[in-house]
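Below is a structure I'd like to ask you about.
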Amino acid sequence: MTTETGAGPAAQATAKPQRSLATRLVFVAALWSAITLALAGIFLVGLYRNASERAFDAQLEIHIKALIAEMLDTGQGNSGDEQPRVQSVREPVYRGDPRFSLPLSGWYWTVRRADSPSILYASESLVGDPLNTPPIADMDDSVGFIAGPTGDEVRVLQQRISIGDTPYVIAVGAATAGFWADVAEFSRMVTLTLCIVGLGLILAIFLQVRFGLKPLTRLRASLSAVRLGEADRIDEALPTEIAPLAVELNALIVSNKEIVERARTHVGNLAHGLKTPLSVISNEARASDGALADKVAEQSAIMSTQIQHHLERARMAAQRRVIGVSCETEPVLARLIRAMGKIYQDKGITVSFQPGGDLRFRGESQDLEEMSGNLIDNACKWASSRVKVRIEPLSGPDSNREMFALTVEDDGPGLSPEQRAEAVKRGRRLDETVPGTGLGLSIVADLAALYGGGLKLAGSPLGGLKASLILPALSPD
């Protein structure tokens, strides 16, 4: 017998993972930080704009006061007067800001009577163009935006004063292009600064979440080690918030193992309690002659087979619930194939083996050996020259449960559909000429069902029988 190995099939499709806890925390924190920083930026820009407007208006008010001082013509009062007395109003010659002298510079001032729209005096920067200011109420100040001589936006501050018995309205305006440019520049600087701060916050949040959730990563690794059978306890050296969880899980593992051990003990006691009386009955029946003795021996053998079958089911039902029991599939099957090579070396059968990569069986290696050994042994008994063994992962309807298929094919005579159905029935034997009890396939089907799997028989492309054993898998990930 020769053994061939081949590459495993593609990896099993896994369930779509949910968004991780770290991703959720970082996303929510980043979203909240972005909203908060955006609102802070709007608030800061609004504060800057209001402060700039107040400073702008204060500057305009200073120019108005300077113009009023320029307009007042004070003469010499009485000898006893301490304050000068206003004699008349003169045209102001204001030199406080050279921009008022530059044509269409954007800085303008006008003086008019309150009861007339005609301009009495105007700055040289207007070069004869009007400054269309809105009406102003009595004894009130007005500030607002108007269109300047060149069509640009101008912010105008108007003040109503009375000199002598005549009311005047003095207006000073300045183009807002520079003002809005300053606000825009401040907005850009605030946006850039807050973006840098936001990126820094997101990075800090990421590092904080990564560091804060590191104990959960350790807990996950410890659980994985228990699940793979590499450890029998979960590490309890964890922060106080999740340490009780590890303690409770360890208690659950211990309780599970104790239940399984008790079940094994009861099964063993039952086996010893029944086998000994049956052996005595069988020996007595074989030592006697007659139809009654033969019938007793026959029924004792059937009872022994049934007891062995149900004890095996009970042992498997208990064993499959042990947490953390698993084994690699490839070494077990490779060992079985080498053993079959020695047993059937005289038949010259070629066995090709296609392993399933890193797939693990969720159970003990002796159970996998028993089930797969029955199938491979049965195939080698009936094969003419060739047996094919392969393992492949499955993605069943329940995507949360990983399964794999162990398929054994031979080029023997095969079985009809009716014979396949009979072969998996307990106690049925299809051919008395081949050594064996004839119960192998039925036991394999029962044990596979206990693991949540099954056994399927079909025709093989090789010409013989194709047996597919479905069992639970345990991914190393």
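Take Leu104 and decide whether it is surrounded by fewer than 19 Cβ atoms within 10 Å (Cβ to Cβ), assigned to a strand (DSSP E or B) and of a type outside the set (Val, Ile, Thr). Reasoning before the result, please.
Values: surrounded by fewer than 19 Cβ atoms within 10 Å (Cβ to Cβ): yes; assigned to a strand (DSSP E or B): no; of a type outside the set (Val, Ile, Thr): yes.
Considered against the rule, which asks whether it is surrounded by fewer than 19 Cβ atoms within 10 Å (Cβ to Cβ), assigned to a strand (DSSP E or B) and of a type outside the set (Val, Ile, Thr), Leu104 comes out as no.
Of (1) assigned to a helix (DSSP H, G or I); (2) open to solvent by 30 Å² or more (accessible area, probe 1.4 Å); (3) at pLDDT below 65; (4) not aromatic (Phe, Trp, Tyr), His310 satisfies all except one. Which?
(3)
In the range 203-234, which residue that is surrounded by 12 or more Cβ atoms within 10 Å (Cβ to Cβ) and β-branched (Val, Ile, Thr) is nearest to the chain's Cα centre (by Cα)?
By that ranking, first place goes to Val209.
While we're here: Which of the residues belonging to the range 449-477 are at pLDDT below 85 and either more than 24 Å from Val325 (Cβ to Cβ) or part of a helix (DSSP H, G or I) (or both)?
The answer is Ala449, Leu450.
Also, quick follow-up: Restricting attention to the range 348-384, and to residues there that are of a type in the set (Ser, Thr, Tyr) and over 17 Å from Val444 (Cα atoms), which single residue is least open to solvent (accessible area, probe 1.4 Å)?
Quick first cut of the range 348-384, residues of a type in the set (Ser, Thr, Tyr) only: 350, 352, 365, 372, 384.
If we keep only those that are over 17 Å from Val444 (Cα atoms) as well, we get 350, 352, 384.
Values: Thr350: 45, Ser352: 20, Ser384: 78 Å².
This residue is Ser352.
Still on this structure: Could we say that Phe145 is under 24 Å from Ala55 (Cβ atoms), of a type outside the set (S, T, N, Q), in contact with a Lys or Arg (Cβ under 8 Å, 6 or more places away or on another chain) and open to solvent by 60 Å² or more (accessible area, probe 1.4 Å) here? Break it down into steps so the answer makes sense when it comes.
Numbers: under 24 Å from Ala55 (Cβ atoms): yes; of a type outside the set (S, T, N, Q): yes; in contact with a Lys or Arg (Cβ under 8 Å, 6 or more places away or on another chain): yes; open to solvent by 60 Å² or more (accessible area, probe 1.4 Å): yes.
Yes; evaluated as a whole, the condition is true for this residue.
Still on this structure, please answer the following. Just one of the numbered conditions (1) closer than 30 Å to Leu219 by Cβ; (2) outside any loop (DSSP other than H, G, I, E, B); (3) open to solvent by 40 Å² or more (accessible area, probe 1.4 Å) is not true of Ala237; which one?
Failed condition: (2).
Considering every residue within the range 56-66, establish whether at least one is open to solvent by 70 Å² or more (accessible area, probe 1.4 Å), more than 30 Å from Leu199 (Cβ to Cβ) and modelled with pLDDT under 75.
No, that holds for no residue.
Specify which of the listed residues (Arg338, Arg315) is modelled with pLDDT of 80 or more, out of contact with any Leu (no Cβ under 8 Å at 6 or more places or on another chain) and among the charged types (D, E, K, R).
Arg338
Looking only at the range 41-55, decide whether some residue is touching an Asp or Glu at 6+ places or on another chain (Cβ under 7 Å) and at pLDDT 85 or above.
The first filter runs over the range 41-55 and keeps only residues touching an Asp or Glu at 6+ places or on another chain (Cβ under 7 Å), leaving 52.
So of that shortlist, the ones also at pLDDT 85 or above come out as 52.
Yes, the conditions are met somewhere in the range 41-55.
I would also like to ask the following. Take the residues in the range 361-387 that are charged (D, E, K, R) and closer than 18 Å to Leu471 by Cβ, then tell me which one is nearest to the chain's Cα centre (by Cα).
Arg362
While we're on this one: Counting just the residues of the range 322-335 that are open to solvent by 20 Å² or more (accessible area, probe 1.4 Å) and either within 15 Å of Ala405 (Cα to Cα) or hydroxyl-bearing (Ser, Thr, Tyr) (or both), which one comes out modelled with the highest pLDDT?
Among residues in the range 322-335 that are open to solvent by 20 Å² or more (accessible area, probe 1.4 Å) and either within 15 Å of Ala405 (Cα to Cα) or hydroxyl-bearing (Ser, Thr, Tyr) (or both), the one modelled with the highest pLDDT is Glu330.
Let me spell it out: the conditions are (1) at pLDDT 85 or above; (2) exposed (fewer than 11 other Cβ atoms within 10 Å of the Cβ); (3) small (Gly, Ala, Ser), and Ala184 meets all of them except one. Which number is the exception?
Answer for Ala184: the failing condition is (2).
Select from the range 280-307 the residues that are of a type in the set (Gly, Ala, Ser), loosely packed, with under 15 Cβ neighbours inside 10 Å and over 26 Å from Leu447 (Cα atoms) and list them in ascending order.
Ala287, Ser288, Gly290, Ala291, Ala293
Report, by residue number, each residue of the range 350-369 that is at pLDDT 85 or above and either of a type in the set (Val, Ile, Thr) or part of a helix (DSSP H, G or I) (or both).
Thr350, Val351, Leu368, Glu369, listed by residue number.
So, one more: Pull out all pairs, ordered by first then second residue, where Cβ-Cβ is under 6 Å, the residues are six or more apart or on different chains, the first lies in the range 181-197 and is closer than 14 Å to Gly46 by Cβ and of a type outside the set (Phe, Trp, Tyr), and the second is part of a helix (DSSP H, G or I) and open to solvent by 80 Å² or more (accessible area, probe 1.4 Å).
Going by the 6 Å Cβ cut-off, the qualifying pairs are Val183/Arg49.
Kindly provide the set of residues from the range 385-395 that are surrounded by fewer than 17 Cβ atoms within 10 Å (Cβ to Cβ) and either acidic (Asp, Glu) or touching a strand residue (DSSP E or B) at 6+ places or on another chain (Cβ under 7 Å) (or both), ordered by number. Walk me through it before giving the result.
Here is the first cut: in the range 385-395, the residues surrounded by fewer than 17 Cβ atoms within 10 Å (Cβ to Cβ) are 385, 394-395.
Correct list: Ser385, Leu394.
Based on what the data block shows, is Thr133 in contact (Cβ under 8 Å) with a residue 24 or more places away in the chain, open to solvent by 40 Å² or more (accessible area, probe 1.4 Å) and assigned to a loop (DSSP other than H, G, I, E, B)?
no
Now, a different point. Report, ordered by the first and then the second residue, all pairs with beta carbons closer than 7 Å, sequence separation of six or more or different chains, a first member in the range 47-72 that is closer than 17 Å to Ala175 by Cβ, and a second member that is open to solvent by 40 Å² or more (accessible area, probe 1.4 Å) and not in a helix (DSSP H, G or I).
Taking only residues 6 or more apart or on different chains, the pairs are Asp57/Val143; His63/Gly96.
Sticking with this one: Does Ala271 satisfy the criteria of being open to solvent by less than 70 Å² (accessible area, probe 1.4 Å), touching a residue at least 40 places away in the same chain (Cβ under 8 Å) and assigned to a loop (DSSP other than H, G, I, E, B)?
Spelling it out, it is not the case that Ala271 is open to solvent by less than 70 Å² (accessible area, probe 1.4 Å), touching a residue at least 40 places away in the same chain (Cβ under 8 Å) and assigned to a loop (DSSP other than H, G, I, E, B).
I need every pair where a residue in the range 405-420 that is open to solvent by less than 10 Å² (accessible area, probe 1.4 Å) has its Cβ under 8 Å from the Cβ of a residue that is hydroxyl-bearing (Ser, Thr, Tyr) and in a helix (DSSP H, G or I), sequence separation at least 6 or different chains.
Between residues of the range 405-420 that are open to solvent by less than 10 Å² (accessible area, probe 1.4 Å) and residues that are hydroxyl-bearing (Ser, Thr, Tyr) and in a helix (DSSP H, G or I), the close pairs are Leu406/Thr329; Leu406/Ser372; Val408/Ser372.
Between residues in the range 229-253 that are on the phi < 0 side of the Ramachandran plot and touching a residue at least 24 places away in the same chain (Cβ under 8 Å) and residues that are β-branched (Val, Ile, Thr) and outside any loop (DSSP other than H, G, I, E, B), which pairs lie under 7 Å by C-beta distance while being six or more apart or on different chains?
Once the first residue is on the phi < 0 side of the Ramachandran plot and touching a residue at least 24 places away in the same chain (Cβ under 8 Å) and sits in the range 229-253, its partners that are β-branched (Val, Ile, Thr) and outside any loop (DSSP other than H, G, I, E, B) give Asp232/Val226; Ile253/Val226.
The values are calculated or read from the model by the stated rules, or taken from the named source; none is laboratory data. All values reported here derive from a predicted model rather than from experimental measurement. No Cβ is skipped: glycine too gets one built from the backbone with ideal geometry, and neighbour counts run over all protein chains shown. Remember, those area values only see protein heavy atoms, side chains included, never the ligands or the DNA or RNA. Shrake-Rupley method; radii C 1.70, N 1.55, O 1.52, S 1.80 Å.
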